[in-house]
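Asker: Dropping a structure here in structure tokens format, bear with me for questions.
The values are calculated or read from the model by the stated rules, or taken from the named source; none is laboratory data. This structure is a prediction, so every number in the text was calculated from the model and none was measured. Cβ: placed from backbone, ideal geometry, glycine included. Neighbour counts: every protein chain shown.
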Amino acid sequence: MKSLFVSIWACLATASLSTPAAADHIYLALGDSSAFGETNRTHNPSDGDRGYVRPFADYLATRDGGVRPTVVNLAINGETSSSFFTGTGRVSSDGQGFNTNYIGLPDPFPQYQQLLNRSARFAANGDQVTTITFQFGANNLDGAASNPAFLLLPPDQQQAAIQGILGQVQSDYVNILGTVRSLYPTADLYAIGYHNPYNGDPSLPISALADPAVRGLNQVIAGVGSAFGAKYVDFYSAIHPNEASLTLIGTIGTDPVNYVHLNDQGYAVASRELIDTASVPAPPAVILAVLGLLPFAGLRVRSRQTSDVAKVA
């Protein structure tokens, strides 16, 4: 009898070892500190299941029989639309170390590369990425806003600099979303726009320039996102005109890094806007992508290469 129990136990153990892990539905978040749910850097390290990401994942569970998707947040503080591909040029150097999804990786490590790494894992396990949010571009503008020389330029040169930045963001977004769509052609995409924290303190030297720049950035995000079948999420309107109470702009004198971020109440408001946007039915993503790609047909889209998948993830 003892030998029978041993044999049964051995069979069960072997079966459990050989059975692959159950497939998951994945909610993938890409972007910068806003996508990472950053406030004042006092709640790190984190896996990024916070900010607007956590309430949105909870909402997605209500649409999927109570099963919450697995959240994989690859966003990094200081990321720009260009540093997404290379890992270099981030406006803050400490961001990657805060995200536990990069533990054990070289720093800097490209978010783009980690996207490919995780995608390979998802495919191997049969996981399905059903939802993706992405938010890049504010740090591109920050590169100009944080440069004292920028404020001394004549207005026409300031505008030319901003337009140049927005042109680069547009090109980067085409490449980012081209990559995302090639990996996940049927996923629900959400293009997240930005609030303007400087509306909370009009006395700041940059405030008059910031609002048209942020609005222009949001137009780029909405336009390119639509071309790839993404719903645009209007955080600007959700937060305005309450930037003074929903952001950390009041801490600019004591915290010259984090004052641009939403506070906890701001993220709660932003998440409601995201949920409301997601609640509105939309045409199939693939159809929208095909119809909308024509304006961007001349721009290069990065292709997925097998050799791009790093072995260290």
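Asker: Restricting attention to the stretch 256-280, and to residues there that are in contact with an Asp or Glu (Cβ under 8 Å, 6 or more places away or on another chain) and of a type outside the set (A, V, I, L, M), which single residue is surrounded by the most Cβ atoms within 10 Å (Cβ to Cβ)?
Answerer: Once the filter is applied, the top-ranked residue is HIS261.
Asker: Given ASN125, ASN101, which one is in contact (Cβ under 8 Å) with a residue 12 or more places away in the chain, over 30 Å from GLN219 (Cα atoms) and surrounded by 15 or more Cβ atoms within 10 Å (Cβ to Cβ)?
Answerer: Sole residue among the options that is in contact (Cβ under 8 Å) with a residue 12 or more places away in the chain, over 30 Å from GLN219 (Cα atoms) and surrounded by 15 or more Cβ atoms within 10 Å (Cβ to Cβ): ASN101.
Asker: Could you list, in sequence order, the residues of the stretch 91-104 that are part of a loop (DSSP other than H, G, I, E, B) and under 15 Å from ASN258 (Cα atoms)?
Answerer: Those that are part of a loop (DSSP other than H, G, I, E, B) and under 15 Å from ASN258 (Cα atoms): VAL91, SER92, SER93, ASP94.
Asker: Cβ-Cβ under 6 Å, sequence separation 6+ or interchain: first residue in the stretch 34-50 and more than 21 Å from GLY137 (Cα to Cα), partner at pLDDT 95 or above and aromatic (Phe, Trp, Tyr). Which pairs?
Answerer: Partner pairs satisfying both residue conditions: ASN44/PHE98; PRO45/PHE98.
Asker: Going by the structure shown, is ARG272 assigned to a loop (DSSP other than H, G, I, E, B), of a type in the set (D, E, K, R) and either over 18 Å from the mean Cα position of the chain (by Cα) or modelled with pLDDT of 95 or more (or both)?
Answerer: no
Asker: List the number of the failed condition for GLN114; all other conditions in (1) closer than 30 Å to GLN157 by Cβ; (2) not in a loop (DSSP other than H, G, I, E, B) hold.
Answerer: Condition not satisfied by GLN114: (1).
Asker: Go through the stretch 21-57 and give me each residue that's at pLDDT 95 or above and hydrophobic (A, V, I, L, M, F, W, C).
Answerer: Answer for the stretch 21-57, where residues must be at pLDDT 95 or above and hydrophobic (A, V, I, L, M, F, W, C): ILE26, LEU28, ALA29, LEU30, ALA35, PHE36, VAL53, PHE56, ALA57.
Asker: Could you go through the stretch 244-256 and let me know if any residue there is out of contact with any Lys or Arg (no Cβ under 7 Å at 6 or more places or on another chain) and on the phi > 0 side of the Ramachandran plot.
Answerer: Within the stretch 244-256, none of the residues are out of contact with any Lys or Arg (no Cβ under 7 Å at 6 or more places or on another chain) and on the phi > 0 side of the Ramachandran plot.
Asker: If you don't mind, another one. Tell me which of these SER18 doesn't satisfy, since it passes every other one: (1) in contact with a strand residue (DSSP E or B) (Cβ under 9 Å, 6 or more places away or on another chain); (2) farther than 23 Å from LEU274 by Cα; (3) at pLDDT below 95.
Answerer: Of the numbered conditions (1) in contact with a strand residue (DSSP E or B) (Cβ under 9 Å, 6 or more places away or on another chain); (2) farther than 23 Å from LEU274 by Cα; (3) at pLDDT below 95, the odd one out for SER18 is (1).
Asker: Is it true that some residue in the stretch 119-129 is hydrophobic (A, V, I, L, M, F, W, C) and under 29 Å from TYR198 (Cα atoms)?
Answerer: No, every residue in the stretch 119-129 fails to be hydrophobic (A, V, I, L, M, F, W, C) and under 29 Å from TYR198 (Cα atoms).
Asker: Another question, then. Looking only at helices (runs of 4 or more DSSP H) that fall completely inside the stretch 136-229, which ones have 2 or more residues that are over 15 Å from VAL260 (Cβ atoms) and touching a residue at least 60 places away in the same chain (Cβ under 8 Å)?
Answerer: Qualifying helices (runs of 4 or more DSSP H): 155-183, 207-227.
Asker: Taking the condition out of contact with any His (no Cβ under 9 Å at 6 or more places or on another chain), among the aliphatic types (A, V, I, L, M) and either part of a helix (DSSP H, G or I) or closer than 23 Å to ASN196 by Cβ (or both), does LEU30 pass?
Answerer: Judged against the criteria, LEU30 is a match.
Asker: Right, another one. Out of GLY298, GLY253, which single residue is part of a loop (DSSP other than H, G, I, E, B), loosely packed, with under 13 Cβ neighbours inside 10 Å, among the small types (Gly, Ala, Ser) and modelled with pLDDT of 95 or more?
Answerer: Details: GLY298 fails: modelled with pLDDT of 95 or more.
Residue meeting the stated conditions: GLY253.
Asker: If a residue must be of a type outside the set (Gly, Ala, Ser), out of contact with any strand residue (DSSP E or B) (no Cβ under 6 Å at 6 or more places or on another chain) and over 19 Å from ARG272 (Cα atoms), how many such residues does the stretch 23-58 contain?
Answerer: First, the residues of the stretch 23-58 that are of a type outside the set (Gly, Ala, Ser): 24-28, 30, 32, 36, 38-45, 47, 49-50, 52-56, 58.
Retained after the next criterion (residues that are out of contact with any strand residue (DSSP E or B) (no Cβ under 6 Å at 6 or more places or on another chain)): 32, 36, 38-45, 47, 50, 52, 54-56, 58.
Within this subset, residues satisfying the condition of being over 19 Å from ARG272 (Cα atoms) are 32, 40-45, 47.
Adding up the residues that qualify gives 8.
Asker: Give the residue, chosen from GLY216, GLY193, that is closer than 27 Å to GLY266 by Cα, crowded, with 21+ Cβ neighbours inside 10 Å, modelled with pLDDT of 95 or more and in contact with a helix residue (DSSP H, G or I) (Cβ under 7 Å, 6 or more places away or on another chain).
Answerer: Answer to the selection: GLY193.
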